[in-house]
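Notes for the one structure printed next.
The values are calculated or read from the model by the stated rules, or taken from the named source; none is laboratory data. Computed from a prediction, not measured in an experiment: that's the story for all the values here. Ideal geometry is used to build each Cβ from the backbone, glycine not excepted, and the neighbour counts take in all protein chains shown. Side chains are part of the model used for accessible areas, which takes the heavy atoms of the whole protein and leaves out ligands, DNA and RNA. Shrake-Rupley method; radii C 1.70, N 1.55, O 1.52, S 1.80 Å.
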Amino acid sequence: MKVLIVGSGGREHAIAVSVAKSPKVDKIYCAPGNAGIGQIAECVAIGAMEFDRLVTFAKEKQIDLTIIGMDDPLVGGIVDAFEAEGLRVFGPRKNAAILEGSKAFSKDLMKKYNIPTAAYENFDDAEAALAYLETASFPIVLKADGLALGKGVLICNTLEEAREGVKSIMLDRQFGAAGNRMVIEEFMTGREVSVLSFVDGKTIKTMTSAQDHKRAMDGDKGLNTGGMGTFSPSPFYTEEVDAFCREHIYQATVDAMAAEGRVFKGIIFFGLMLTPKGPKVLEYNARFGDPEAQVVLPRMKNDIIDVMEACIDTRLDETDLQFEDNAAVCVVLASDGYPVKYEKGFEIRGLENFEGKTGYYCFHAGTKLDADGKFVTNGGRVLGITAKGADLKQARENAYEATKWVEFDNKYMRNDIGKAIYEV
Ligand code: AMP
Ligand code: GLY
């Protein structure tokens with residue numbers, strides 16, 4: 001079969017590597033893709049938001065399955081556009097992708113269906129939000145309602161900071177239209193865990209757990225980024241936590257969406273916080289995490305095509321989702337200065353060191369081929385170096401060893417990805 005993947009980051013490279021393992025797949029296309037994806041797929045220069053062109057391409061090439069990696073096209077209704085033309089596509093429709101697309105929606109859903117989450121209020125105007133702050137306790141969390149490249153969350157320690165935050169989200173529109181509405185919520189403490197799941201509208205099958213490191217610098221200091229590294233599984237995601245989430249969060253979310261007439265098919269990514277009062281939902285995403293996919297998918301034993309087709313055909317209950325009994329760590333190699341200001345266009349050397357190395361992956365995020373056919377840096381996050389190991393300690397050692405195999409000017413990484421695991 002022919003598969004089209006929509007997106008261009010490390011997550012889409014990890015999806016492409018999994019898809020390429022399926023014996024059912026003869027040909028992979030990726031729009032727009034990147035230089036690494038181009039090694040196993042044919043990249044086509046169509047943007048992820050160009051729905052008409054993507055649909056036309058899928059029809060022309062007789063694509064059997066399209067997989068949407070990114071949030072923006074999902075929230076914008078790309079699945080509806082494909083389905084309207086009778087094309088098979090993996091991901092939630094627009095009316096279900098709102099689970100990620102509107103934080104106010106997802107908070108109201110959780111409240112209505114008693115799914116544990118931080119206490120909150122939604123606001124449509126800055127006046128009311130500012131008035132609410134006068135009686136609030138601090139720290140407090142402000143969230144722009146819509147998609148904001150993972151940056152629309154402000155943690156404010158004082159009333160002054162919170163007032164500034166409301167102004168920047170709702171009046172100065174720092175995050176654009178994402179700030180038409182906002183959520184103000186209780187500040188929670190605890191460990192964060194990411195749990196991704198396959199959902200067919202009725203049945204949900206969770207994948208192995210993972211943890212992201214969002215801050216730019218060691219010790220969780222510096223600015224928030226798209227993610228500087230991940231490990232899987234999370235030792236903090238115990239059987240007890242899993243049992244609680246199964247009872248109160250996972251199926252409850254799928255059932256709530258169905259009850260609202262918003263049947264969800266695709267990936268639900270549960271951003272959880274393990275608070276002293278039990279696990280609570282921080283956020284939902286409607287797609288694989290990046291860089292969570294880079295540590296979860298290499299450990300999955302199933303044929304990803306089979307699982308995705310089962311979701312589309314509402315027969316996920318027949319699938320026995322299985323993961324290897326090992327661990328994986330992904331260390332992001334970024335361009336120094338990310339996420340603020342960085343240079344691009346530096347040659348990447350040593351990529352060939354990954355060839356033939358089982359259990360090691362060099363997922364490309366911001367890379368491209370230059371006019372001479374050389375791999376060069378083309379973004380803030382450049383590569384996601386991933387390694388498996390018998391346990392997290394081994395996987396971590398392997399991943400950091402492999403970060404030495406590639407070089408480029410201004411290479412920057414965190415040195416403590418997965419270090420928290422030693423505090424168990
Ligand atoms: P989100 O995009 O909702 O996952 O938020 C980004 C990050 O902000 C999360 O990964 C948390 O580290 C932090 N965060 C979000 N909501 C809260 C909260 N209610 N309490 C504490 N930290 C939060
Ligand atoms: N790693 C967090 C995300 O993909 O949203």
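What to note about this one:
- Scanning region 36-54 for residues that are within 24 Å of Ser18 (Cβ to Cβ), in contact with a helix residue (DSSP H, G or I) (Cβ under 8 Å, 6 or more places away or on another chain) and crowded, with 17+ Cβ neighbours inside 10 Å yields a count of 7.
- Cross-chain or 6+ apart pairs with Cβ under 6 Å, region 283-296 first and more than 13 Å from Met207 (Cβ to Cβ) and of a type outside the set (Gly, Ala, Ser), then away from ligand 1 (no atom under 14 Å from the Cβ) and open to solvent by 10 Å² or more (accessible area, probe 1.4 Å): Asp290/Gly9; Asp290/Arg11
- Any hit, region 181-201, residues being of a type in the set (A, V, I, L, M, F, W, C), within 16 Å of ligand 2 (Cβ to nearest atom), in a loop (DSSP other than H, G, I, E, B) and within 21 Å of the chain's Cα centre (by Cα): no
- Filtering region 390-424 to residues that are under 23 Å from the mean Cα position of the chain (by Cα), more than 30 Å from Val376 (Cβ to Cβ) and of a type in the set (Ser, Thr, Tyr) leaves nothing.
- Search result, residues across region 94-125 that are without any contact (Cβ under 8 Å) to a residue 24 or more places away in the chain and either over 24 Å from Met170 (Cα atoms) or within 16 Å of ligand 2 (Cβ to nearest atom) (or both): Lys94
- Here the helices (runs of 4 or more DSSP H) wholly within region 94-148 that include at least 1 residues being closer than 24 Å to Gly69 by Cα are 94-101, 103-112.
- Identity of the residue in region 17-28, under 21 Å from the mean Cα position of the chain (by Cα) and farther than 15 Å from Leu383 by Cα, that ends up surrounded by the fewest Cβ atoms within 10 Å (Cβ to Cβ): Ala20
- Within region 1-35, tally of residues that are in contact with a helix residue (DSSP H, G or I) (Cβ under 6 Å, 6 or more places away or on another chain) and of a type in the set (Ser, Thr, Tyr): 2
- Residue count for region 160-187 under the criterion of being touching a helix residue (DSSP H, G or I) at 6+ places or on another chain (Cβ under 7 Å), modelled with pLDDT of 95 or more and open to solvent by 50 Å² or more (accessible area, probe 1.4 Å): the result is 1.
- Inspection of region 99-115 finds no residue satisfying the criterion of being over 28 Å from Tyr250 (Cα atoms) and either touching a Lys or Arg at 6+ places or on another chain (Cβ under 6 Å) or surrounded by fewer than 21 Cβ atoms within 10 Å (Cβ to Cβ) (or both).
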